[in-house]
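Rule-based calculations on the coordinates, nothing more; no lab input. Because the structure is predicted, anything quoted here is derived from the model rather than measured. With ideal geometry, Cβ positions are generated from the backbone for all residues, glycine too; neighbour counts draw on all protein chains shown.
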């Protein structure tokens, strides 16, 4: 169980507001791009969730300043079933707490999302209304005096209730004639009740329009339905609207009843039963669950909570038929936070607890089909009954996309090398699921060996008794710092802000700068003190400082934060110089998948694993009345993908100095603008769909789209269409409106997708590159495509390099020949025809390889599959660009003798059918051995794979190794490790985990990850990088024997 925090801080709770820099009152939503972590899931506490009436959609709001839309049921395309993230909705945000989402509501029809929280500058807050399907910001409701802590639509979707932190209740109505969806819908305040004596945390509508609210003043309030019934359109006279405008709001509301229910002093959740006869009440200061009369608030009794002796049951909900009452909260049972349930409308027997999470249950949503959505601080968990009357079972879950550093202190703390270039941590609480990251090799290793950790040290947290020999001196004894608001130094309290909770501690080694004695991590700050308790500096932080350690050379502190990042801070002033986000595995990842990661500096320069680039990106506010834009880091790859900068950060202790050193080594002049200031003029276009239509025709699905493309820096050149990552011809491409020198374009597109489901990608281009793709699932209910595809293969293996130029390889040519044979054996299985062009050793010259790529470009059709296999030496130039060394190439002059990765990418992006590239080209170790020189010479396969997997290229890339790892070959295998595992997977059928006689992309990924790791004793980890639009498909038929 996590240490409980109130569901949301209110602005008048001073310490929360002081936790980070305050927004500039003159510009609360800065226009400069802001670097943000965004791994495709929440990274901070989830405060609220909401579902639509049909149980098709779920939205979630989080402290990470995002709202996410999830599919609860149905499937639009392969890989788009329940649990799929459909959209991320972004709010205008600023520094500190500005932008944190504390409340979300989804209209009953699932079309509109209301968002509240800490969304406005000091003294004013907002509610945003978005289209669920497009993410378009439709309206900003202004004028709220406090943060919004809960939102609720009524059953018609025409009334919206908002309860505030110490601001009472507001009710908004859809204006007369306003459509439930669309730009014409306008909301205005219909009424308010400011007579609340504390934070109000919940509101719920009955079917007839009655409203109930809860407040920390101890009261539950009941409001009457609209006089004309819930379906009546809110109407006010002309003079009524004038009066409302002059008074700054709607008419005064008065509850018909108000009570202080007996179960606790802090009612949190209130919920009407489906028939409106009862109201359930949960409390944050009690495990009581009260039942009140739905019309009088008379106390009807309480659910049986005998034996529930810890935490609370603050969250309550009713089953769809009203027969079962659910409750959860901070109640802990054996390390779980179970959901309890009672029959007979809450007054019957207590059933078996439902276990899904170990953290605070924040919301509960019973579904029409008998399922249950559990919104917890640490994730979303969906249960469902496999058959009527059966016990609920897990359907899907989406935990926080963050390592959990809670409990990683004492002997479970993060471990550091002397200089901080290696850090060991746990993905799970208490250090479970251990991992090791090495900045030198840029390698993330799961479950590292004891030998790999031997020279890493735990944090020094002092001794239980004063030690005169301790570096901090006999008085440097810090106590009471674990989850405490009053840590002490030698018995004297250390001054923190009110309610600020200490979470972590690390003493500094002798000779640390500024006479530092220790560092203290809290919920809101990282603080540094001398051994006598004088504070030297403090830094605002991106989340709770759960874990903390200091390097033995006295230069850096490394902190593990609540957002799942590890960050390096200079001990001299606490400034952050480097951050690492190690992405946890996701529920849909195949077993053995190598984790993604990204390293970055505050200036935005980064290094990333294959598939890890867009774990971060640039958030760009467009003012308070327009939805922000977000650009994944890959959109600015050419400028900011700088592993050479990352390698120099710890040495220089200054990201700007590291950039200067790296630029000097490249021989390039420093950029005129660094960081976010110069980014605006580098951003590619943004595409938004205004409308689209799908029409099933004889030969597939016709898609008609109207779009709007905007570019800040350069004219929009074109919009490309791709299906499952592959090019799709445009049948219609017409610009209806073009303004601002071509930087604002409205146009129409038409494409024809072949029979079958898929994902359509629309990608805008300017001279600055490709923008973010807009993805549109294409469903298909017709017959399967009867036409079998053709398989084309280009297999290249070079081992017979001139020994006077580069070290030959033993098995590269044999690898290419063996793969070619297995591809030929696929004829008559999944493929009606197979054509393979092998090029090995003397035949694999630069011209022959380029001609082979051109052959694929000409021959591969839209329904076909192309496999390109490259084995041999890979190189990089001083800019980090990838080259494949052909047999006639010269590693001393790759620009004109080797094959540039950019040329390979350009050929592959023009191929019409599906493309799979297999790279086994990290054999520098054969020339230089396992030395630093070998590692420095390795090509950056991660970067090359990320380039190829972009939406505008659309290639699936299998890489033989990750980071700066060497590829291995061995006479015992007769092949390289990667090819050995690949042949086993296809020829021997070892990757056919489903036992259906086929190997899919996902199965191949899973088998290669495990098998290569086993063959190389953990020294080599293959990776797979896929475009977002590519779903799993069958690649090979097993049991086909090559001649």
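Could you list 202, 546 in order of exposure, starting from the residue whose Cβ has the fewest other Cβ atoms within 10 Å?
In order of increasing Cβ crowding within 10 Å: 546, 202.
Against the chain, whose longest principal axis comes from its Cα atoms, helix 812-824 is set at around 70 degrees.
Take every DSSP beta bridge with both residues inside the stretch 790-1037 and express the antiparallel ones as a percent of the total, to the nearest 5. Please report the intermediate quantities before stating the final value.
Working: 13 of 40 bridges.
Of all bridge pairs located within the stretch 790-1037, approximately 30 percent are antiparallel.
Hydrodynamic radius of the stretch 477-560 by the Kirkwood approach over all distinct alpha-carbon pairs: 12.5 Å. Here 333, 576 are placed in order of increasing Cβ neighbour count within 10 Å, fewest first, which gives 333, 576.
With r defined as the distance between the Cβ atoms of residue 740 and residue 208 and R0 fixed at 51 Å, what FRET efficiency is calculated, to the nearest 0.05?
Details: r = 51 Å, r/R0 = 1.00.
It comes to 0.50.
Normalised by the number of residues in the stretch 790-1037, the mean separation of alpha-carbon contacts (under 8 Å, six or more apart) gives a relative contact order of 18 percent.
Can you give the FRET efficiency for residue 879 and residue 122, using 1/(1 + (r/R0)^6), R0 = 51 Å, r = Cβ-Cβ distance, to the nearest 0.05? The partial results should precede the final answer.
Working: r = 46 Å, r/R0 = 0.91.
Computed FRET efficiency for residue 879 and residue 122: 0.65.
Length available on full extension from residue 306 to residue 1032: 0.36 nm per residue minus the Cα-Cα distance, which gives 256.4 nm. The modelled label-to-label distance between residue 622 and residue 787, using points 7 Å beyond Cα along the C-beta direction, is 3.9 nm.
Residues within the reach of a label modelled at residue 690 (point 7 angstrom out along Cα to beta-carbon, backbone nitrogen below 16 Å), restricted to the stretch 730-750, are 733-740, 742-750. Take the Cα of residue 851, step 7 Å toward its Cβ, do the same at residue 681, and the gap between the two points is 4.7 nm.
Averaged over residues, the count of other Cβ atoms within 10 Å places the peptides 660-669, 750-759 in the sequence 750-759, 660-669, highest first. From most to least packed by mean Cβ count within 10 Å, the peptides 624-634, 949-959 give 949-959, 624-634.
Relative to the longest principal axis of the C-alpha atoms of the chain, give the angle of the C-alpha long axis of helix 238-247, reported between 0 and 90° and rounded to the nearest 10°. The two axes meet at around 80 degrees.
Taking the C-alpha atoms only, the angle from helix 901-910 to the longest principal axis of the chain is near 70 degrees. Extending 7 Å from Cα along the Cβ direction at residue 275 and again at residue 817 yields two label points whose distance is 8.1 nm. Per-residue extension of 0.36 nm, minus the Cα-Cα distance of residue 890 and residue 295, leaves a gain of 205.6 nm for this segment. In the stretch 743-853, the DSSP beta bridges split such that about 45 percent are antiparallel, to the nearest 5.
Considering only DSSP beta bridges with both partners in the chain, what is the antiparallel share in %, to the nearest 5? All intermediate terms of the calculation are to be shown ahead of the outcome.
Numbers: 219 of 249 bridges.
In the chain, DSSP labels about 90 percent of beta bridges as antiparallel.
For the peptides 507-518, 445-456, the ranking by packing is 507-518, 445-456, with the highest mean count of neighbouring Cβ atoms within 10 Å listed first. Per-residue ellipticity at 222 nm computed for the chain from its helices equals -3500 deg cm²/dmol, with DSSP H segments shorter than 4 residues left out and the rest contributing -39,500 (n - 2.57).
The length gained by stretching the chain between residue 490 and residue 155 to full extension, at 0.36 nm per residue less their Cα-Cα distance, is 114.7 nm.
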